[in-house]
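Okay, so here's the structure we're looking at.
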Amino acid sequence: MFEETLKNIKDLKIQGAENVAKAAVNAISEIIETSIFDQKKIYQDIIIARQKLEKARATEPCLRNAMTLLFTDVNENNVKEQMRKNIEKANDHFKTANSLIAEFGSRKIKEGMVVFTHCHSSAVMDILKEAKLKKINFSVKNTETRPLFQGKITAAELANLGIPVEYFVDSAGGLAVKKSDIMLIGADAITSEGYVINKIGSELFAETAHKKEVPVYICTDSWKFDIDTVFGYDEEIERRSEEEIWKDKPKGVKISSYAFESINPELITGVISELGVYNIETFIEEVKINYPWLFEPKKRKTLLPKNL
Ligand code: RUB
């Protein structure tokens, strides 16, 4: 089961940063609940499992932050008991965050609006579902999201919910943005300097939105904040295999295989998270206030120079 989840994350059978983080928490829980070994061995196994999960996809601070919480106060003598408590905390967080984001975000959707979205974000989907439940009439324009077509998942889910949706190829995304009233996208990572990292194409569409005065909202669990960036590390941008883009490419063709890109903070109107709706600077301040464990001395120590 653990190896299967790991593979599903790597192969994007489980996709979207929040789903990836939740699956990683479940994978650790599975080891705790099914292992027949003693606490010492379980402790060693989950440390290795954590390393594998954190390496599965590069641009996933939500997963890494969830692991920080899971491993808080866990040692080889208390692993089962403490880990169960921490897993419960993480799952509670996801549940509460999902419903708060849906509620806050749905308040931004007004009667008759056209919403633009790109890729497939569970946070955006939760918001749209909530707006539909509130009986607001709105429609969505979305982009296919090459090379793996996550836009098809978005369009199919929306159609299934009875929300009118118009599907655009990526290169027609500018057209879609211009005809929209609001842009809602998810996030994979948020840096200490306010850059948001999301699926390739996101900045391009945000630029058009900004030019046309279409507000751009990032819909996200605030655990996407990457603490490492406070200490000068760059957020690594995942690169996928070239074959995902062009199987049997001709010799001599180089392929850019970045999965994500960084969105300039100047293009972002606000961040809709479980902490509320804020501009990006205030959002980061709120993360610091609400999740001090992310900044705790032990965690900082691993990020500071060794001689300090
Ligand atoms: C998915 C993607 C999503 C974010 C946010 O990329 O870029 O917009 O992960 O999703 P991929 P969520 O399909 O490569 O994982 O709101 O579900 O966390």
**Complete:** Measuring from the longest principal axis of the C-alpha atoms of the chain, the long axis of helix 122-133 (C-alpha) lies at a number of degrees, nearest 10, equal to 60
**Message:** As an exercise, use a Förster radius of 35 Å and the Cβ-Cβ distance of Thr34 and Thr96 to find the FRET efficiency, rounded to the nearest 0.05.
**Reply:** 0.80
**Asked** Can you give me the pair-distance distribution of segment 200-264, C-alpha pairs, 5 Å bins, whole percents?
**Response** 4, 12, 15, 18, 16, 16, 11, 6, 2
**Fill in**
Residue-normalised value, i.e. accessible area per residue, for segment 175-300 at 1.4 Å probe, in Å², stands at 49
**Asked** What are the chymotrypsin sites (Phe, Trp or Tyr not before Pro) within segment 229-262 that DSSP puts in a loop, where the Cβ has at most 14 other Cβ atoms within 10 Å?
**Response** Tyr233, Trp246
**Solvent exposure ordering (accessible area, 1.4 Å, most first) of Arg84, Arg240** = Arg84, Arg240
**Asked** Dimensions of the chain along principal axes (Cα, Å, largest first)?
**Response** 59, 50, 43
**Asked** Relative to the longest principal Cα axis of the chain, at what angle does helix 202-211 sit, 0 to 90 degrees, rounded to 10?
**Response** 40
**Asked** Share of Cα-Cα pairs in segment 9-92 beyond 19 Å, in percent?
**Response** 31
**Request:** Keeping all protein chains in position, work out how much accessible area His93 exposes to a 1.4 Å probe, and write it in Å² to the nearest 10.
**Result:** 30
**Item:** Angle between the chain longest axis and helix 61-70 axis [Cα atoms, degrees, rounded to 10]
**Value:** 30
**Asked** For the chain, with the dipole built from +1 on Lys and Arg beta-carbon atoms and -1 on Asp and Glu ones, taken about the Cα centre, which of Val74, Leu63, Gly16 lies farthest toward the positive end?
**Response** Gly16
**Message:** If you roll a 1.4 angstrom probe over the protein chains with everything in place, what fraction of the accessible area of segment 159-229 belongs to carbon and sulfur, to the nearest %?
**Reply:** 49
**Complete:** With only helices counted (DSSP H, runs n ≥ 4, each -39500 (n - 2.57)), the per-residue ellipticity at 222 nm for the chain, to the nearest 500, works out to -14500 deg cm²/dmol
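The values are calculated or read from the model by the stated rules, or taken from the named source; none is laboratory data. In this text the structure is predicted, and so the values were computed from the model without any measurement. Here the Cβ is made from the backbone with ideal geometry for all residues, glycine too, and neighbour counts use every protein chain on show. Note: accessible area is taken over every heavy atom of the protein model, side chains too, but ligands, DNA and RNA are not part of it. Shrake-Rupley method; radii C 1.70, N 1.55, O 1.52, S 1.80 Å.
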